[in-house]
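Chemist: Shown below is the structure under consideration.
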Amino acid sequence: MSTQTTASVSTHVLDTSVGRPAAGVPVRLSARSTGQGPWTALGASATDADGRCKDLPAPPEGTVLVRLVFDTGAYFQTGRAESQQPAPAHRAGGPGPVFFPEVAIVFAVEAGEHYHVPLLLNPFGYSVYRGS
């Protein structure tokens, strides 16, 4: 039985359209202590060269829901340029509007558990799962 009073959260982002980690994706972390309460911003970060956020703060004691918000619009418009990846061609004329400019993932947590939530991303879709 765990003696921790809070959960911990980590994430990483993989760009499945190029088969590489997605570097430079801004990520915000929020929490709430009830199913209907207000969200409390806990911190923000950006994915590193390996597509990981290693510095997200632990949710406070009593947290029951956590929200990760990924600024995928910033990544597809500028992040790839920083990582030397070509911008996606959204239409025949070249880069266009981002279809999913933001991805918000909300999940339930229990004290003492670690939650690793990877985001598999491409210009027109995404998938998430609880990792290990």
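The values are calculated or read from the model by the stated rules, or taken from the named source; none is laboratory data. This is a predicted model, so every value here is computed, not measured. We place every Cβ from the backbone using ideal geometry, glycine too, and count neighbours over all the protein chains shown.
Chemist: Every residue in region 31-48 that is surrounded by 13 or more Cβ atoms within 10 Å (Cβ to Cβ) and not in a loop (DSSP other than H, G, I, E, B), please.
Modeler: Once the filter is applied, which keeps residues that are surrounded by 13 or more Cβ atoms within 10 Å (Cβ to Cβ) and not in a loop (DSSP other than H, G, I, E, B), region 31-48 yields A31, R32, T40, L42, G43, A44, S45, A46.
Chemist: What's the number of the only condition in (1) small (G, A, S); (2) surrounded by 15 or more Cβ atoms within 10 Å (Cβ to Cβ); (3) modelled with pLDDT of 95 or more; (4) more than 17 Å from G131 (Cα to Cα) that G51 fails to meet?
Modeler: Among (1) small (G, A, S); (2) surrounded by 15 or more Cβ atoms within 10 Å (Cβ to Cβ); (3) modelled with pLDDT of 95 or more; (4) more than 17 Å from G131 (Cα to Cα), the lone unmet condition for G51 is (4).
Chemist: Determine which member of the set A104, A41, A58 is modelled with pLDDT under 95 and among the small types (G, A, S).
Modeler: It is A58.
Chemist: Just wondering, is there one or more residues in region 1-12 that are assigned to a strand (DSSP E or B) and either exposed (fewer than 14 other Cβ atoms within 10 Å of the Cβ) or of a type in the set (D, E, K, R) (or both)?
Modeler: Taking every residue of region 1-12 in turn, none turns out to be assigned to a strand (DSSP E or B) and either exposed (fewer than 14 other Cβ atoms within 10 Å of the Cβ) or of a type in the set (D, E, K, R) (or both).
Chemist: Does region 19-42 hold any residues that are closer than 16 Å to D55 by Cβ, in contact with an Asp or Glu (Cβ under 8 Å, 6 or more places away or on another chain) and small (G, A, S), and which are they?
Modeler: A23, G24
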